[in-house]
Amino acid sequence: MTEMQKKDHHEHKGPDISGLITKEEAISRLFSVWNVQMPAEEIDIIDACGRTLAEDYYAMYDQPVVRASAMDGIAVKSEAFKDGMPDTSCWVYGVDFIRADTGDDFDDAFDSVIAIEKAKILTEGGVELAEDLEFKPGMNVQPCGSNISKGSRVGKEGTVLSPAHLAALVLGGYSKVQVRKKPVIAFIPSGSELVCAGSVLKRGQNFDSNSIMVKALLEKMGAEVILHPIVKDDKTQIEQALESVIGLSDVVILNAGTSKGSEDYCVQF
């Protein structure tokens, strides 16, 4: 290699990055000084999808509260079947049987439910039961607390709430829940060459696409985002931008200006 080649190789070997830290070290430093346990706030369950539950929740009621029909049918008295299949042609509605729909309570005088597919209520009175009906006392009845028992956990602290979680909390008797407040993250794009999306692009300019992408990513992760306007590569402007968002946010992200370029001022803060 000639002296000229050595000189060219030396000049183009790239910037010195020995003083920079790794991504893992940056994350470690962040969590060493930032308490990620956000305070709680109470919100309506209908607005809680995607939020993080701040405490455990336990069912306030048994469901069914007493007991309920497990299907559409007729509620009957098991005593009527103690000697075999009874003559149901003369049954009287309200005395020997009543209608019982899925999930419904019914009179305590009745203790079993025959599926409507196995029982035909006759227009002239009485009931016609299917020949293949196999009757068992208490059949097709959901006992008290069979869906949810009082005191059972319906929401676990730290759960990121899905639609199914919201339904479980409602079944537990809740209309409002305590969730962790969303972290507020400020994003400051820096670069004298950057222009907003939709601008007429000129020589030496680039679109600020990072702001749009990062905002969408952070919101998808559950954060509230403060999107600062583009800041030029100017130390004073960058400092002013930082001061404007520090008191309003939990985390500040400075985009660009953190390498070894002549205008990389962000790395100094």
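The values are calculated or read from the model by the stated rules, or taken from the named source; none is laboratory data. Note that the coordinates shown come from a computational prediction; the quantities given were computed from them, not determined experimentally. So basically every Cβ, Gly included, is an ideal-geometry build from the backbone, and we count neighbours across all protein chains shown. When the accessible area is computed, the model is the full protein with side chains, heavy atoms only, and any ligands, DNA or RNA have been set aside. Shrake-Rupley method; radii C 1.70, N 1.55, O 1.52, S 1.80 Å.
For the chain, the relative contact order comes to 23 percent (Cα pairs under 8 Å, sequence separation of at least 6).
Run through segment 115-162 and list the GluC sites (Glu not before Pro) located in a DSSP loop whose Cβ has at most 15 other Cβ atoms within 10 Å.
Numbers: sites: Glu117, Glu124, Glu128, Glu131, Glu134, Glu157; in loops: Glu124, Glu131, Glu134, Glu157.
Answer by residue number: Glu124, Glu131, Glu134, Glu157.
Pairs of Cα atoms nearer than 8 Å and 6+ residues apart set the relative contact order; for segment 81-211 it is 16 percent. When both bridge partners sit in the chain, DSSP labels roughly 65% of those beta bridges antiparallel. Considering only Tyr93, Pro64, Ile121, whose Cα is most displaced toward the positive end of the charge dipole of segment 58-121, charges sitting on Cβ of Lys, Arg (+1) and Asp, Glu (-1)? Positive-most Cα among the choices belongs to Ile121.
Report the charge-dipole magnitude of the chain in Debye, nearest 20, computed about the Cα centre from +1 at each Lys and Arg Cβ and -1 at each Asp and Glu Cβ.
Magnitude of the dipole: close to 1420 debye.
The simple spin-label model puts a point 7 Å past each Cα toward its Cβ; for Ser89 and Ser146 those points are separated by 3.3 nm.
Pairs with C-alpha atoms separated by more than 31 Å, drawn from the list Lys23/Lys202; Lys150/Lys215; Lys23/Lys182; Lys23/Lys232, are Lys23/Lys202; Lys150/Lys215.
Taking the protein heavy atoms of segment 83-212 in the context of the full set of protein chains, the accessible area attributed to carbon and sulfur is 52 percent at 1.4 Å. Here Lys176 is the anchor, and the aspartates and glutamates within straight C-alpha reach of less than 15 Å, apart from those fewer than 8 places off in the same chain, are Glu41, Glu42, Asp44, Asp47, Glu55, Asp56, Glu157. The mean accessible area for residues of segment 152-230, using a 1.4 Å probe and ignoring ligands and nucleic acids, is 58 Å² per residue.
Assign unit charges at the C-beta atoms only (+1 for Lys and Arg, -1 for Asp and Glu), then state the dipole size of segment 38-79 relative to its Cα centre in Debye, rounded to the nearest 20. Spell out each step's value before the answer.
Working: 3 positive and 9 negative charges, 66 e Å.
For this selection, approximately 320 debye.
Among DSSP bridges having both ends in segment 95-239, what percentage is antiparallel? Round to the nearest 5. Bridges in segment 95-239 are about 30 percent antiparallel.
Among the trypsin sites (Lys or Arg not before Pro) found in segment 27-130, those both in a DSSP coil and sparsely packed, with 13 or fewer other Cβ atoms within 10 Å of their Cβ, are Lys82. Taking the DSSP bridge list for segment 28-131 and keeping only pairs wholly inside it, about 90 percent are antiparallel. Of the GluC sites (Glu not before Pro) found in segment 25-79, those in coil by DSSP whose Cβ has at most 16 other Cβ atoms within 10 Å are Glu55.
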